[in-house]
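The values are calculated or read from the model by the stated rules, or taken from the named source; none is laboratory data. Not measured: the values here are computed from a predicted model. So basically every Cβ, Gly included, is an ideal-geometry build from the backbone, and we count neighbours across all protein chains shown. Keep in mind that these areas ignore ligands, DNA and RNA; they rest on the heavy atoms of the full protein, side chains included. Shrake-Rupley method; radii C 1.70, N 1.55, O 1.52, S 1.80 Å.
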Amino acid sequence: MYKFIPITDNIDRLQHLAKDALNDNYRFVERTIIQWHSNENRFDKKGEILYGIMDNGIFVGLGGLNRDPYTLEYVGRVRHVYINRAHRQHGLAKKLVLMIISKAQKEFDTIRLSTNNGIAERMYETLGFY
């Protein structure tokens, strides 16, 4: 049974997820941990959140919402969405992004994201991003 929870502390519980992401050639999960420790990005500004997906007490997914640093303050940015390879094809990414969008709609006028992953891009397009 998957649990979607806000991550507010103990970011190091994501280390195994970061290793999985590195095996997929994605450094952003590791970067999330590093930026958390350096206080560069703790997803703690007004309207921001970092969600984790747990399965049997282990994090298998991650995704967050930040204020977009490159635009006006009423723009939210979907960040660092990653699902462990063994847990893909279960709709977790879509459910996670929908949770992020729901949170963002309460806080921001516009929601943005950026990806260079074709599979993720198609999923985002089904959710209304272009």
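Points to keep in mind about this one:
- For the stretch 104-130, residues that are closer than 21 Å to PHE43 by Cα, of a type in the set (Asp, Glu) and part of a helix (DSSP H, G or I) total 1.
- Selection of the stretch 71-81 for residues being under 18 Å from THR32 (Cα atoms) and either in contact with a Phe, Trp or Tyr (Cβ under 6 Å, 6 or more places away or on another chain) or in a helix (DSSP H, G or I) (or both) yields GLY76, HIS80.
- Considering the stretch 75-130, the residues that are of a type in the set (Asp, Glu) and either closer than 22 Å to GLU30 by Cα or touching a residue at least 40 places away in the same chain (Cβ under 8 Å) (or both) include one that is surrounded by the most Cβ atoms within 10 Å (Cβ to Cβ), namely GLU107.
- Looking across the stretch 7-22 at every residue that is of a type in the set (Asp, Glu) and in a helix (DSSP H, G or I), the one that is least open to solvent (accessible area, probe 1.4 Å) is identified as ASP20.
- Enumeration of residues in the stretch 23-54 that are in a loop (DSSP other than H, G, I, E, B) and open to solvent by less than 30 Å² (accessible area, probe 1.4 Å): ASN41, PHE43, GLY47, GLU48
- Enumeration of residues in the stretch 82-103 that are among the charged types (D, E, K, R) and assigned to a helix (DSSP H, G or I): ARG85, LYS94, LYS95, LYS103
- Of all residues in the stretch 43-57, those that are more than 15 Å from ILE5 (Cβ to Cβ) have Cβ atoms under 8 Å from Cβ atoms of residues that are among the aromatic types (Phe, Trp, Tyr), 6 or more apart or on another chain, in GLY47/PHE108.
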